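Rule-based calculations on the coordinates, nothing more; no lab input. Note that the coordinates shown come from a computational prediction; the quantities given were computed from them, not determined experimentally. Note: ideal-geometry Cβ built from the backbone for every residue, glycine included; neighbour counts use all protein chains shown.
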Amino acid sequence: MITENVHLHEIDKFGSMAEHWWDRQGEFKSLHDINPLRIKFIQSYADVSGKRIVDVGCGGGILTEGLAKLGAEVLGIDMSEDLIDIAYLHGLESGVNAHYEKISAEALAERQPGSFDHVACMEMLEHVPNPGSIIAACAKLVKPGGMVFFSTLNRKLKAYFLGIVGAEYLLRMLPKGTHNFKTFIKPSELSQSARAAGLELQGIVGIEYNPLNKRFSLGKDIDVNYIAAFKRAE
Ligand code: SAH
């Protein structure tokens, strides 16, 4: 079983903030703010109602619950025990059809390949040693014809200034040290790894932030944060 594709300091970093995960005005406010947008993006490619979906690197379950509320049967997986606990407890309170497990994407893909209608993996690839291995595992988890959604940060100077200097230091939207520029992923690199794993790019859009009205929106600018849809060949 492959489990070594984990940076323990990343797991500890996110796990140590687990209690604040569902504070809409707290450290993870931006994940709450972008959630309706990513759900809208997912829905533009896939009908989620009644579908089995796995949310890889689910954290405290923000996207997991959002998809479950739309009628999907969602499994959230993460390598942080603390976050899995928070996600599970919050799910009980919300009464949604979401399940959680501490397991790596690679191990789950080995255990149950091709068993999900769709796969989501949001804001996670930039936190692992080998994103290509996660991408390949997501491709293995999805059924032929199913969709796989990734979001991450682009390795462009603009992302350094807006995503790290701006978001972490000036606007304090994210805790300092959340991101490391070197781990950001260019859309071309994401597409190449996905293609090598049998996934075809369907569309890609930017998750843009307007500091004037403090709102996020989906748009053409993929230089900072972006979300992409891939389809596994039939
Ligand atoms: N996807 C969630 C959380 C993003 S934060 C959302 O967008 O709402 C990044 C998450 O990735 C954290 O929960 C962290 O614990 C998780 N993570 C980091 N490395 C991981 C790994 N190797 N396997 C699974 N999850 C991982």
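Show that you can apply the helix-only estimate: for the chain, add -39,500 (n - 2.57) for every DSSP H stretch of four or more residues, divide by all residues, and state [θ] at 222 nm to the nearest 500. Don't skip to the answer; put the middle values down first.
Details: 7 runs with 73 residues, N = 234.
Calculated at 222 nm, the ellipticity per residue is -9500 deg cm²/dmol.
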- Query: Is there a pair in Lys186/Lys214; Lys13/Lys140; Lys156/Lys220; Lys102/Lys140; Lys102/Lys182; Lys69/Lys158 whose C-alpha atoms are over 23 Å apart, and which pairs would that be?
  - Reply: Lys186/Lys214; Lys13/Lys140; Lys102/Lys182; Lys69/Lys158
- Item | Selection of trypsin sites (Lys or Arg not before Pro), the stretch 45-100, meeting DSSP coil and at most 11 other Cβ within 10 Å | none
- Task: Could I have the simple spin-label model distance between Gln43 and Asn130, label points 7 Å from Cα toward Cβ, reported in nm to one decimal?
- Result: 3.8 nm
- Zone of Lys186 (label point 7 Å along Cα→Cβ, backbone N under 15 Å): which residues in the stretch 205-227? 222-224
- Query: Which residue, Ala196, Ala159, Ala105, has the most motion in a Gaussian network model of the chain that connects Cα atoms within less than 10 Å?
  - Reply: Ala196
